[in-house]
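Notes to accompany the following structure.
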Amino acid sequence: MNDNSDAGRPDAGRRRFLKQAGTVAFGGLLLGGKALASAEHAISPAEATPDFNPDVEIELAAVVDEVGLLPGAPTTVWRFTGRVLRGSTDALTFLKSSDHGPSFVPVLRMRRGQKVRIFFANRLPEKSIVHWHGLHIVQRMDGHPMYAIGTGKLYVYEFVVDNRAGTYWFHPHPHERTGFQVYRGLAGFLLVSDDEEDALKLPRGTFDLPLVIQDRTFDSRNQFVYLQFMMERMMGFMGERVLVNAAPDYTRAVERTAYRMRLFNGSNATAYRLSLTDGRPFLVIGTDGGLLEQPVTRRTLALGVGERADVWMDFAAAQSGDEIALIAQSFAPMMSGGGGMPMMGRAANPAPRVIARFRVGSGAAAKSSPPARLSKFPALHLRDAVNRGRPRRIHMSMMRGQAFLNGRIFDTEAVADDERVRLGTTEVWEFVNDSPMAHPMHVHNLQFRVIERSDAAVGDAASLSAGFTDEGLKDVVLVLPGQRVKVLMKFEDHAGLYLYHCHILEHEDLGMMRNYRVEAKD
Ligand code: C2O
Ligand code: CU
Ligand code: CU
C-alpha cells in the first residue's frame, strides 16, 4: 500500500499519479491528452488504433486514494478516476454520495452504435484489468484475467457499443483479486441509451437515479475490513453496513413525480430481498439487459450480486414530508448454524434494514405513468436451440473450501470439450445447484433468457423466489440452493474465449469460474 502522507489533500491523487507516470512512458496522457497522438504511450499489450476514430474517448485510471465516506477519518479506497478526452462531458461522471459527501461512484454513459476508446491506466500496486459487465464485445476488449496489466501500465479498449439501452456496469477482473479490488471501491455504472429508449420519454436527468447497493465492514479507524477469516472466502464476504452510492445512510429529497431508479447490487456476496415501507409494489421496467417488453409488478425484488433492476418509482401520490424507505432483508449465500451444520439458504439478517430513504418534497404532484409497451426483445426461441432436449449442464458444487463448476476450477486458458460452442448457434444451459448456497451465475458476452426454474429451493432463501424478474434479458441469474435454472442464449458475432462464473466475488476468486469458447464454423 502506498499510503502517502499528503493523501488527504485534494490534488494528492493527481500528484501521486504523475509521480508514478513519470517512471513510465505515458505521462503525457494525463497531462493533456494531446500527447496521445504521439506513440510515446505505446507500452501496453494493447495500443490505440490510428484509424479507429472514436466518438468518445475516455481516460480511466484505477488509483489509491483517501475519501471521507464516514464521519471522522478518511477511508483508504481504490477507485476509478478519469475524464473525457473526446465527446460529451457526461460520458464520465461521478455520483455524489450525499449533499456533503464525496463524488465517488463512476458512471459511464454510452450510446448504442457509438465508437468508444478507453485508456485504462493501472495505478494500483498490483495487476488489474477492467471488464464491461453485460456488454456484447470482442474477446480482447472483455477484460479477461489473461489481459491483466501491471502497475503503471496502460490498456487501450476500443469497441463499438452493441447493446440495448440498459444498466450495465464495470469492474476489475484480475484472477483471485476481483473481490478485493471491487470491495476497495472499483465498480461503476455503464449506462447505455438508444433511440428506442429515447422515444419512451422515461424520467431522465435528475429523475434517473442509479443506485448501487454495497455492504462494507469498517474498523474503528474507518478503514475497510475484508476477509479476516478463512470461512468468509467460502461463504462470501458480507459487510456490516450498507452503502448506497458510497453513502452510509443514503437519504435523498425527491419531488412528487416519477423517477427511474436503477437498482444495482454491487456487493461482493450478499443477496437482497428489497421492499418499500409504504407497502407499494415495485413497478419493474428493466433488468440486466435493458427494458422489459412491458412493466411487471413485484411486492419484493430479489437482487443477487451483479443483478440490476430498473424500477419506475412514482412519488406523485405521496404527501409532502413523507419518508419512503427502501428496505432489505440481507441473505448470506449460506449461514452456518449451530454445531457446524450449515443451514441452507438462511437469511443472515432476518430483520429488514433500511437501504435508502426518500423524502418527498412540497411541490405540486406531477402525474405520469410508465408506457404500457416498453420494448421488443431480440428474437430468441427455444425451438432454435441446437440442444433443445439435452441442455448443457453446469453443476455447481462446494467441497473442502473449494467451489466448482462441473467439478473444475478456473485455469486461465483452459477450455474443456464440453465448454465449446458454435458461433451463431442458440443453446440451452442448465445451472444445477448441488451446493447448500445460492450462486448468482453470470455469462460473459451476451444476455440470456431464463426459461425454466425449478422450485426446489429450501430454507429462507426460498422467500427470494417471489422477487425474481425472470421475464427480462439477464446476464446474471441467482440459482438458489438445490435449484435448477435453464437459460437460453445465442452466441452471436464474436468467436473467442469468454467466461462464465459465480458472481459472488469470493467464489469467483476461489476459481468458481471457467472459460467457454465460441468457435467459428470451419
Ligand atoms: Cu461482472 Cu466476469 O463479471
Ligand atoms: Cu461480466
Ligand atoms: Cu457462488
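Could you list H171, H395 in order of exposure, starting from the residue whose Cβ has the fewest other Cβ atoms within 10 Å?
Ascending number of Cβ neighbours within 10 Å: H395, H171.
Subtract the Cα-Cα distance of L200 and Q223 from 0.36 nm times their separation in residues, and report this length gain in nm to one decimal.
3.9 nm
Cα convex hull of segment 396-512: mean projected area in nm², to one decimal?
Orientation-averaged projected area of the Cα hull: 7.3 nm².
Taking R0 as 51 Å, what's the FRET efficiency between R252 and E232 from their Cβ-Cβ distance, rounded to 0.05?
Once the sixth-power term is evaluated, E becomes 0.95.
For segment 205-360, just say rounded, prolate or oblate: build the C-alpha gyration tensor, square-root its eigenvalues into a ≥ b ≥ c, call rounded for a/c under 1.5, and beyond that prolate if a/b exceeds b/c, oblate if not.
On the way: a/c = 2.06, a/b = 1.68, b/c = 1.23.
Cα axes put segment 205-360 in the prolate bin.
At 0.36 nm per residue, minus the direct Cα-Cα distance, what do S103 and E293 gain on full extension? Give it in nm, one decimal, please.
Values: separation 190, 0.36 × 190 = 68.40 nm, distance 3.39 nm.
Result for the pair: 65.0 nm of gain on full extension.
With Cβ to Cβ distances under 10 Å as the rule, what net charge do the other residues near L92 carry (K, R +1; D, E -1)? Write out the running numbers ahead of the final one.
Working: positive: R83, R109; negative: E59, D90.
Net local charge, L92 excluded: 0.
Find how much the distance from S463 to M146 grows on full extension, using 0.36 nm per residue of separation minus their present alpha carbon separation; answer in nm with one decimal.
The span from S463 to M146 would gain 110.3 nm if fully extended.
Which log10 I(q)/I(0) values, to two decimals, does segment 41-111 give at q = 0.20 Å⁻¹ under the Debye formula with one point per Cα?
The calculated log intensity ratios at q = 0.20 Å⁻¹ are -0.93.
Only bridges with both residues in the chain count here: give the DSSP antiparallel percent, nearest 5. Walk me through the numbers on the way to the answer.
Numbers: 105 of 136 bridges.
Of the beta bridges lying entirely in the chain, close to 75 percent run antiparallel.
Label R383 and E471 with points 7 Å out from Cα along Cα→Cβ: what is the distance between them in nm?
It is 2.4 nm.
Can you give me the Cα centroid spacing of segment 162-224 and segment 61-103 in angstrom?
Taking the Cα centre of segment 61-103 as reference, the centre of segment 162-224 is 13 Å away.
State the Kirkwood hydrodynamic radius of segment 78-201 in Å, one decimal place, computed from all pairs of distinct Cα atoms.
Here the Kirkwood hydrodynamic radius works out to 15.2 Å.
Quick check for the chain: number of Lys pairs with alpha-carbon distance under 18 Å, counting only pairs 8 or more apart or on different chains?
Going through the chain pair by pair, I get 9.
For K153, K201, what ranking results if the residue with the fewest other Cβ atoms within 10 Å of its Cβ goes first?
The order, fewest Cβ neighbours first, is K201, K153.
Would you mind telling me the antiparallel percentage of the DSSP bridges in segment 358-462, rounded to 5? If you can, show how the numbers build up before the last one.
Numbers: 5 of 11 bridges.
Antiparallel: roughly 45 percent of the beta bridges in segment 358-462.
With +1 on each Lys and Arg Cβ and -1 on each Asp and Glu Cβ, and nothing else charged, work out how big the dipole of the chain is about its Cα centre, in Debye to the nearest 20.
Taking the Cα centre of the chain as origin, the dipole is about 440 debye.
Label the chain by shape, choosing from rounded, prolate and oblate, from the square roots a ≥ b ≥ c of the eigenvalues of the Cα gyration tensor; if a/c is under 1.5 it is rounded, and otherwise prolate applies when a/b is larger than b/c, oblate when it is not.
Here the chain falls in the rounded category.
Arranged from highest to lowest average of other beta-carbon atoms within 10 Å per residue, in what order do the peptides 411-421, 319-329, 238-248 appear?
So the order, starting with the most tightly packed, is 238-248, 319-329, 411-421.
Read-outs: derived from the displayed coordinates by stated rules, not from any lab. Predicted model only: the values in this text are computed from it and were never measured. Using ideal geometry, Cβ is built from the backbone for each residue, glycine included, and neighbour counts are taken over all protein chains shown.
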